[in-house]
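Derivation of every value follows stated rules applied to the coordinates shown; laboratory data play no part. Only a predicted model underlies this, so the values are computations on that prediction, with no experimental measurement involved. Heads up, the Cβs are rebuilt from the backbone with ideal geometry, glycines too, and the neighbour counts pull from every protein chain shown.
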Amino acid sequence: MNTRTWMKRGALVAALCTVGSISFAHSNGHESRTAEQCEKLPGTAALGERAACAACIGRDTDKAKFHYHPDYPAGDRCRPDDGKP
């Protein structure tokens, strides 16, 4: 094979590896990090998932941020926000 064919194949492999790594690193989409995202959850501002989410992200300080996972087991839904899902 010529050099041009090898370069095309190398570029294709690099592109596929990049897309694959991005899909593994992408968040699962179930966590809530803002009050607007909490509003989409069931319940009210006083009861249910929406209230629990608002309380969780309400714990944010300058040094620590939190996010809420409604699909995690109770007691493990509010987590420190380290940039990971």
Here the gain from full extension of Asp82 to His30, 0.36 nm per residue of separation minus their alpha-carbon distance, amounts to 17.2 nm
For Tyr72, the net charge from surrounding residues (Cβ-Cβ under 11 Å; K, R +1; D, E -1) works out to -1
The answer for the net charge of residues other than Glu31 whose Cβ lies under 10 angstrom from its Cβ, with Lys and Arg +1 and Asp and Glu -1, is +2
Along region 63-71, Karplus-curve 3J(HN,Hα) (6.51, -1.76, 1.60; θ = phi - 60°) to the nearest Hz, with x for Gly and Pro, reads 8, 9, 10, 10, 9, 10, 10, x, 8
Taking placed amide H atoms and a strict 5 Å upper bound, the residues 5 or more places from Asp60 or on another chain that come that close are Phe66
